[in-house]
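**Student:** This is the structure, below, for whatever I ask next.
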Amino acid sequence: MTLSMEPPTPVSTGSTQELDPSLAKEEAAPRARVLIIDDEPDFLDMLSLSLTKAEFHVSTATHLDAAQAKLEDGRFDAVLCDLNLGGQDSGLTLCRRLQERRPDIPVVMMTGFGSFESAVEAVRAGAYDYVTKPVDMGPLRLIIERAVRHHRLQVEVRKLRHGEMGGRPRRYGKLVGNSPAMRRMYDLLSRIEDSDVPVLVLGESGTGKELVARALHEQGDRNGKPFVAINTAAVPASLLESTLFGHVKGAFTDAKEGRAGLFVEADGGTLFLDEVGEMPLEMQAKLLRVLQERKVRPVGGTKEVPFDVRIVCATNRDLEDEVEKGEFREDLFYRINVVSVRIPPLRSRAGDVMVLAQYFLERIGDRTGKNVSGFDVAAAKKLTDYDWPGNVRELENTVERAVALTRGEVIGVDDLPERVTQHVRRSFSLTSEDDVEKMAPLSEVERRYVERVLEAAGGNKTLAARVLGLDRRTLYRKLQRWSEEARGEDDD
């Protein structure tokens, strides 16, 4: 008996304002086309009805010739075939022919004579999977979904390798991605690129927050003017004020000459303040005044210097939560958060992993002069199954490592790091009692579900807590505990 468990794909929005239930449907792939072959009309009708209700596009055939004709005339993502058609092993015959002519189409075999021998025979003929009659529709539907994903991944890998994806990947500046979540973000960015409205970029580490800021600058009317970026968390608190606002000669011991701050250096262009959530409260008050007055007073100086810059801030913290805890000024939060842009994590960007992997592969290949054309299907599956906690930055590093290690023209599983190849996918199948050992403990299931709800809520903890039936502080404590546990694992 086959059991499967697969959580729904999380949805990430390009804004923190609201949770749109329709977004889940927008992320859905086109309906999968499945051909069912069985010589029992009643059973065939039952399968067809059940899979149609499960939103598959179903075609049927009762014998081998009709099935072969439909396979020649139409495109299918998977085939569900009875092992014995008309009392013969013609299902195996079809499976062998497909393996020769269309090995990319997965075949799931059915039989009422379940035995180890028939299972082995089906696998040898090239079957993707094997089920016995009477068929349990729940597990069967999940097996077919898995087969469809396998087929579509093969097609995607082939198209990426041969440049058949209908043009280059969608881009906004140096941001790359075709997923609906990214297209929504591109649309938001295009609407604010020419304005001077302050922007707060939110997202996990490695998602590309500085790329968003640079893209806004380069696509907007300040292009050609200075783009100045600073990680405020990397500058000691004692030096941050003079770094941002400048200082006059003699303002402090080492101030042997005056220096303009970054606000003045960025005049006419864009100033990007990364990790703004790490800024000390005292400095937050000074920053707020500067943003309100549009003038800076260098440390030790008496005159204020006007500036004209667009401010883009970024953080991976929940600033609303920081405000509630008294660790971030509420007035500064509203000053910098006129428009918020949330970058979706890579794990919620359906279909973008291989698009980005191929993009990085080509770029790294051009830089290094190494001729590597793409990924094999097994490597692609490992990449798409992985959760990418380090997001796009981790994927780029993984591809760069693979290009350096590979000895062929195609990246294989052996070229990938162990953390990727040994990763257990969040959706997994149980095909025997032994596989129960692989099931996640309840605490892990809770963490995954909370993460999914939080992603679907665009990072809005208040909304996520309401959906989960928790108060905000309870949710915060859970997230803090999981974060500390993750850091402990990294230290090990």
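The values are calculated or read from the model by the stated rules, or taken from the named source; none is laboratory data. No experiment lies behind these values; they were computed from the predicted model shown. Glycine gets a Cβ as well: all are built from the backbone with ideal geometry, and neighbour counts include every protein chain shown.
**Student:** Specify the residue that is modelled with the lowest pLDDT; the eligible residues are those in the range 63-101 that are surrounded by fewer than 14 Cβ atoms within 10 Å (Cβ to Cβ) and assigned to a loop (DSSP other than H, G, I, E, B).
**Tutor:** Top of the filtered list is G87.
**Student:** Can I ask one more? Is it the case that the range 232-239 has a residue that's among the hydroxyl-bearing types (S, T, Y), assigned by TED's automatic domain parsing to the domain that holds F333 and at pLDDT below 90? Steps first, answer last, please.
**Tutor:** First, pick out the residues of the range 232-239 that are among the hydroxyl-bearing types (S, T, Y): 232, 238.
Subset that is assigned by TED's automatic domain parsing to the domain that holds F333: 232, 238.
Applying the additional criterion that residues be at pLDDT below 90 yields 238.
Scanning the range 232-239, I find at least one residue that is among the hydroxyl-bearing types (S, T, Y), assigned by TED's automatic domain parsing to the domain that holds F333 and at pLDDT below 90, so the answer is yes.
The rows are residues; the columns are (1) under 18 Å from K133 (Cβ atoms); (2) aliphatic (A, V, I, L, M).
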| residue | (1), (2) |
| --- | --- |
| L51 | yes, yes |
| F56 | no, no |
| T60 | yes, no |
| A66 | no, yes |
| L71 | no, yes |
| V79 | yes, yes |
| L83 | yes, yes |
| G86 | yes, no |
| L92 | yes, yes |
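For every residue, the table says whether it meets (1) closer than 18 Å to V157 by Cα; (2) under 15 Å from the mean Cα position of the chain (by Cα); (3) buried (at least 20 other Cβ atoms within 10 Å of the Cβ).
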| site | (1), (2), (3) |
| --- | --- |
| V353 | yes, yes, yes |
| A380 | yes, yes, yes |
| L383 | yes, yes, yes |
| G390 | no, yes, no |
| E394 | no, yes, no |
| A402 | yes, no, yes |
| E409 | yes, no, no |
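**Student:** Restricting to the range 48-67, give me the number of residues that are in contact (Cβ under 8 Å) with a residue 12 or more places away in the chain and under 18 Å from V148 (Cα atoms).
**Tutor:** So the count comes out to 10.
**Student:** Please go through (1) under 33 Å from the mean Cα position of the chain (by Cα); (2) among the basic types (K, R); (3) farther than 30 Å from A465 by Cβ for K325 and return the number of the only condition it doesn't satisfy.
**Tutor:** Condition (3) is where K325 drops out.
**Student:** State all residues of the range 186-214 that are without any contact (Cβ under 8 Å) to a residue 60 or more places away in the chain, crowded, with 16+ Cβ neighbours inside 10 Å and in contact with a helix residue (DSSP H, G or I) (Cβ under 8 Å, 6 or more places away or on another chain); if no residue qualifies, say none. Don't jump to the end; show me each part of the working.
**Tutor:** Within the range 186-214, the first condition is being without any contact (Cβ under 8 Å) to a residue 60 or more places away in the chain, and the residues that meet it are 186, 190-191, 193-195, 211, 214.
Next, from what is left, pick out any that are crowded, with 16+ Cβ neighbours inside 10 Å: 186, 193, 211, 214.
Of everything in the range 186-214, just one residue is without any contact (Cβ under 8 Å) to a residue 60 or more places away in the chain, crowded, with 16+ Cβ neighbours inside 10 Å and in contact with a helix residue (DSSP H, G or I) (Cβ under 8 Å, 6 or more places away or on another chain), namely E193.
Conditions (1) modelled with pLDDT of 90 or more; (2) part of a helix (DSSP H, G or I); (3) among the hydroxyl-bearing types (S, T, Y); (4) assigned by TED's automatic domain parsing to the domain that holds A457, marked per residue:
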{"site": "G301", "(1), (2), (3), (4)": "no, no, no, no"}
{"site": "C313", "(1), (2), (3), (4)": "yes, no, no, no"}
{"site": "R317", "(1), (2), (3), (4)": "yes, no, no, no"}
{"site": "E320", "(1), (2), (3), (4)": "yes, yes, no, no"}
{"site": "E324", "(1), (2), (3), (4)": "yes, yes, no, no"}
{"site": "D331", "(1), (2), (3), (4)": "yes, yes, no, no"}
{"site": "L361", "(1), (2), (3), (4)": "yes, yes, no, no"}
{"site": "R393", "(1), (2), (3), (4)": "yes, yes, no, no"}
{"site": "E396", "(1), (2), (3), (4)": "yes, yes, no, no"}
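**Student:** Another question about this same structure. Residue by residue through the range 103-151, note down the ones that are within 19 Å of A378 (Cβ to Cβ) and part of a loop (DSSP other than H, G, I, E, B).
**Tutor:** Result: P103, D104, I105, P106, G126, A127, Y128.
**Student:** Taking the residues in the range 291-306 that are surrounded by 14 or more Cβ atoms within 10 Å (Cβ to Cβ) and of a type in the set (V, I, T) as candidates, determine which candidate is farthest from V264 (Cα to Cα).
**Tutor:** Ranking the qualifying residues of the range 291-306, first place goes to V299.
**Student:** How many residues, within the range 302-318, are under 18 Å from V228 (Cα atoms) and under 22 Å from the mean Cα position of the chain (by Cα)? Even if it seems obvious, please write down each step before you answer.
**Tutor:** If we filter the range 302-318 for residues that are under 18 Å from V228 (Cα atoms), which is where we start, we get 305-315.
Adding the requirement that they be under 22 Å from the mean Cα position of the chain (by Cα) leaves 314-315.
So the count comes out to 2.
**Student:** Looking at the range 48-59, is at least one residue part of a loop (DSSP other than H, G, I, E, B) and among the aromatic types (F, W, Y)?
**Tutor:** We begin by selecting, within the range 48-59, every residue part of a loop (DSSP other than H, G, I, E, B); these are 54-56.
Then keep just the ones that are among the aromatic types (F, W, Y); that gives 56.
Yes, that holds for at least one residue.
**Student:** Determine if the range 484-492 includes at least one residue that is modelled with pLDDT of 80 or more and not aromatic (F, W, Y).
**Tutor:** Restricting attention to the range 484-492, the residues satisfying the condition of being modelled with pLDDT of 80 or more are none.
Looking for residues that are modelled with pLDDT of 80 or more and not aromatic (F, W, Y), one finds none in the range 484-492, hence no.
**Student:** If S340 meets every condition in (1) within 20 Å of P198 (Cβ to Cβ); (2) surrounded by fewer than 16 Cβ atoms within 10 Å (Cβ to Cβ); (3) out of contact with any helix residue (DSSP H, G or I) (no Cβ under 8 Å at 6 or more places or on another chain) apart from one, which number is that one?
**Tutor:** (2)
**Student:** Which residue pairs have Cβ atoms closer than 6 Å, lie 6 or more positions apart in sequence or on different chains, and pair a first residue in the range 119-142 that is assigned by TED's automatic domain parsing to the domain that holds R96 with a second residue that is among the polar types (S, T, N, Q)?
**Tutor:** Close Cβ pairs (under 6 Å, with a partner that is among the polar types (S, T, N, Q)) amount to G126/Q99; M137/S50; P139/T2; P139/S4; L142/S4.
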